[in-house]
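For reference, the structure discussed in these notes is given below.
The values are calculated or read from the model by the stated rules, or taken from the named source; none is laboratory data. What you are looking at is a predicted structure, and each value in this text was computed from that prediction instead of being measured. Neighbour counts are summed over all protein chains in view; Cβ atoms, including those assigned to glycine, are modelled from backbone coordinates with ideal geometry.
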Amino acid sequence: MKNYNKLFKLAMWVLVAISVVLLVWGFVAGFEVRDGQAVEVLLYWTYAMLAIALLAVIVVGAIIAAKNNPKGLLKTCLVVVAVAVVSCLVYLISPGNMPMQWNSATPPTGGTLKLTDTMLNLTYITGVAAILSIIVGEVVMSVRNKK
């Protein structure tokens, strides 16, 4: 296990070093020159870091769950599948139309608008679910305390 910690620390420092190099390059090259190439590179690096983080959380979580509680791994897989299904359904029902006037020379494409609508709808669903879970949790706690 000690070797894994060293490996993870090394990987973390490599990723941080790459991030710093890209950030310094962005400032040196200029963010507004060459059609914002530095901004695009930094955005793609952000996507890559987010993907690495999500993959690490899911993979490491799955490995730990498999070691500690194999039955819990099945439950986790079902939750991940349920989230994927809800996300797909929200994507399918998102309209992706543009109700406002666009002031830029190049308006966003339909796919971009559909993804934006999907993210907004998922945010609404998550917010409502959080509020409902707080309310239900408080009600359940108060009922259990009265007995």
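Keeping to region 78-101, report how many residues are in contact with a helix residue (DSSP H, G or I) (Cβ under 8 Å, 6 or more places away or on another chain) and in a helix (DSSP H, G or I).
Initially, region 78-101 is screened for residues in contact with a helix residue (DSSP H, G or I) (Cβ under 8 Å, 6 or more places away or on another chain), giving 80, 86-87, 90-91, 93-98.
Next cut, in a helix (DSSP H, G or I) only: 80, 86-87, 90-91, 93.
Counting residues in region 78-101 that are in contact with a helix residue (DSSP H, G or I) (Cβ under 8 Å, 6 or more places away or on another chain) and in a helix (DSSP H, G or I) gives 6.
So, in region 38-89, of the ones that are among the polar types (S, T, N, Q) and modelled with pLDDT of 80 or more, which residue ends up nearest to residue 23 (Cα to Cα)? Top of the filtered list is 46.
Residue-by-condition table, conditions (1) more than 30 Å from residue 15 (Cα to Cα); (2) modelled with pLDDT of 95 or more; (3) exposed (fewer than 10 other Cβ atoms within 10 Å of the Cβ):
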| position | (1), (2), (3) |
| --- | --- |
| 100 | yes, no, yes |
| 106 | yes, no, yes |
| 115 | no, no, no |
| 140 | yes, no, no |
